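Asker: One structure, as structure tokens, below. Some questions next.
Read-outs throughout are calculated quantities, based only on the coordinates presented, and are distinct from any laboratory measurement. This one's a predicted model, so the numbers in the text were calculated from it and none came from an experiment. All Cβ positions, glycine included, derive from the backbone under ideal geometry; neighbour counts span all protein chains shown.
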Amino acid sequence: MNEPGVEVEGMRVAFDGVTALEDVSLSIEPGEFFTLVGPSGCGKTTMLRAIAGLTDGADGSVAIDGRDVTDAPPEARNVGMVFQNYALFPHMSVHENVAYGLRFHDLGDDRSEDERVAELLDLVDLSGVADRSPEQLSGGQQQRIALARALAPEPDVLLLDEPLSALDAKLRKRLRVQIKTIQQELAITTIYVTHDQAEALALSDRVAVMHDGHVEQLAAPETVYRDPASRFVAEFVGDNNLFEGTVTAGGTCIIVDGAKLPLPADAGVSAGESVTLAVRPEAIAVVDGANGSGSVETTLEATVETVEFLGDAYRAHCRWQDRRVEVKTAASEPPSGEVRLRFDRADAYVI
Amino acid sequence: MLRTLVFGTTLFGYRVTVTGPVAIVAAHAVAAYPFVSRNVTPALGSIDDRLVDAARALGADRTTALLDVELPLVVPALIAGAAFAFAISIGEFDSTVLLAEGVDSATMPVALERYTGNRSLGPNLGPATAMGTVLLAVTTVSFVLIDRVGSGWNQ
């Protein structure tokens with residue numbers, strides 16, 4: 001029983017000659033919460049639809065729980081799918097929506113349809129709405145009904161296509177916790193598509209960052225955040241300050257616009273190489289001009305241009321030698337004027 | 001000209017004539033077809049594709065999804081289209097009067113014409129007026145129907 005939950009091999013999809021996916025392979029563990037994240041047009045939704053069997057002209061194999069479904073129509077794949085716009089049947093009540101998939105599936109036990117629907121409405125905390133019509137519900141409630149509907153036939157894999165994108169920020173955060181809780185409770189293999197990198201990091205066991213039809217990096221959220229595999233990932237996931245420069249003769253620093261910046265000890269670069277050094281805004285400390293240490297290698301003399309108050313921190317947009325440097329500081333007062341920015345070389349990484 | 005184009009045509013030396021009830025039904029179908037398709041096509045086109053995707057992921061095959069999801073959602077447009085077709089059919093005169101030549105059964109406007117234009121017995125205004133009133137009522141009811149149900153699901 002060590003079959004992967006979902007195995008996709010060599011998936012290629014092109015629409016009218018434009019490549020949407022170029023030879024992507026994925027292996028997703030049973031019970032895993034797996035996220036495809038990327039900007040719009042990166043192929044993440046195409047990938048999800050290909051797994052569901054909803055993409056015409058998908059070239060590549062798909063197996064669910066070891067069962068090859070490459071040639072199976074969507075209705076024979078036993079997947080549960082949730083869409084961004086809920087896609088609830090407007091002419092059916094909530095009960096009928098949730099019960100719809102049950103007529104095609106024999107769950108192999110003696111639970112009646114009514115019991116199963118009640119069970120699912122309870123799971124999504126919406127017990128009292130069975131007789132309502134979907135349009136009487138709020139967006140968040142509709143999406144929970146859509147989730148209940150997708151889970152009703154006990155699918156082998158749950159596919160979520162930007163399920164929270166149509167909701168407001170507060171609701172989005174609450175609902176994502178609920179989705180994660182339900183996913184863990186049912187231990188169901190889940191593939192989640194989002195353009196929101198914060199959502200991807202918050203929810204997933206593993207994340208695949210997609211760009212232009214291919215996977216840029218596939219790793220745990222922590223790895224994607226702390227050790228991005230490419231410049232694209234570094235810029236897409238979280239905020240980053242990027243410094244392009246040439247490695248010095250000693251291999252310990254790079255020269256950026258005539259200034260020396262220290263490289264992390266294990267950078268593994270050779271002298272003269274052109275590399276990019278990335279530093280997260282929260283890894284940079286703002287040091288007062290007066291009591292900053294004099295180390296030239298670690299300190300940037302910068303001017304604060306704009307400060308945003310984030311509640312728990314300030315985000316300062318500074319200018320250092322014609323470059324913008326973003327700093328996040330938990331200080332109680334907003335930084336201003338001439339400052340020194342300092343970071344530990346261990347917190348920087350080379351792309 | 002009338003002999004060949006309107007009442008039939010000559011094929012391989014045989015004269016093929018189509019008149020009577022079948023021809024009348026066919027002519028009315030042709031006249032009503034654009035009104036039905038103008039109603040139903042946009043309604044079908046406005047159905048979110050993802051509703052069908054959702055039904056299929058839940059286990060419905062394409063035909064079942066059509067019957068369970070798409071058709072119920074275009075029922076208002078179908079009813080409006082049918083009411084249009086009915087109103088057109090019941091009021092249609094030009095082609096019917098030609099095709100009903102020599103046939104006993106005819107549509108109401110043709111029967112009406114026969115009552116008012118009967119040359120041997122003289123105009124019979126009583127039945128003609130009654131039929132005219134019925135026609136008016138039926139057409140009014142069908143347009144009220146179009147107006148009430150034709151708006152469809154508010155999506």
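Asker: Tell me, what is the percent relative contact order of segment A:78-219, built from C-alpha pairs under 8 Å that lie six or more residues apart?
Answerer: 29 percent
Asker: Let me ask something else about it. Taking the simple approach of a point 7 Å from Cα along Cα-to-Cβ for both residue A:323 and residue B:12, what is their distance in nm?
Answerer: Roughly 8.7 nm, to one decimal.
Asker: On to the next question. To make sure I understand the rule: partners must be lysines, Cα under 20 Å from the Cα of residue A:260, and not fewer than 8 residues away in the same chain. Which ones qualify?
Answerer: Cross-link targets: none qualify.
Asker: For residue A:180, give me every one of the lysines with a C-alpha distance below 29 angstrom, ignoring sequence neighbours fewer than eight places off in its own chain.
Answerer: Reachable lysines: A:44, A:170, A:328.
Asker: Using unit Cβ charges (K, R positive; D, E negative) and no other charged atoms, how large, in debye to the nearest 20, is the dipole of segment A:244-350 about its Cα centre?
Answerer: Charge dipole of segment A:244-350: 80 debye, to the nearest 20.
Asker: Could you check what % of the DSSP bridge pairs in segment A:6-235 are antiparallel, to the nearest 5?
Answerer: On the way: 19 of 37 bridges.
So the antiparallel bridges in segment A:6-235 amount to around 50 percent.
Asker: Continuing with the same structure: Cβ neighbours within 10 Å, averaged per peptide: list A:272-281, B:42-51 in order, most packed at the top.
Answerer: A:272-281, B:42-51
Asker: Apply the a/c threshold of 1.5 to the C-alpha gyration tensor of the protein assembly as shown and tell me whether it is rounded, prolate or oblate.
Answerer: prolate
Asker: Inside 10 Å of the C-beta atoms of B:57-70, what's the mean count of C-beta atoms belonging to other chains?
Answerer: 6
Asker: Over segment A:244-350, what relative contact order in percent results from Cα pairs under 8 Å that are six or more residues apart?
Answerer: After rounding, I find 32 percent.
Asker: Another question, then. Once you treat every alpha carbon in segment A:6-235 as an equal point and sum by Debye, what is log10 I(q)/I(0) at q = 0.08 Å⁻¹?
Answerer: Debye output, listed in q order: -0.29.
Asker: List the residue ranges in chain B for DSSP H helices whose C-alpha atoms run 24 angstrom or more along the long axis and whose Kyte-Doolittle average is -1.0 or above.
Answerer: B:20-45, B:71-91, B:125-149
Asker: Calculate log10 I(q)/I(0) of segment A:244-350 for q = 0.13, 0.21, 0.25 Å⁻¹, where I(q) comes from the Debye formula with a single equal point scatterer on each Cα and nothing for solvent.
Answerer: Result of the Debye calculation: -0.47, -1.09, -1.38.
Asker: For an R0 of 22 angstrom, estimate the FRET efficiency from the Cβ-Cβ distance between residue A:269 and residue A:227 and round to the nearest 0.05. Please report the intermediate quantities before stating the final value.
Answerer: Values: r = 15 Å, r/R0 = 0.69.
Once the sixth-power term is evaluated, E becomes 0.90.
Asker: Per DSSP helix of 4 or more residues, -39500 (n - 2.57); summed, then divided by the residues of chain B. What does that give at 222 nm, rounded to the nearest 500? Walk me through the intermediate numbers first.
Answerer: Details: 7 runs with 100 residues, N = 155.
For chain B, the value works out to -21000 deg cm²/dmol.
Asker: Find out how many positive minus negative residues lie around residue B:22, taking Lys and Arg as positive, Asp and Glu as negative, among other residues whose Cβ is under 15 Å from that of residue B:22.
Answerer: Every neighbour counted, the sum reads -2.
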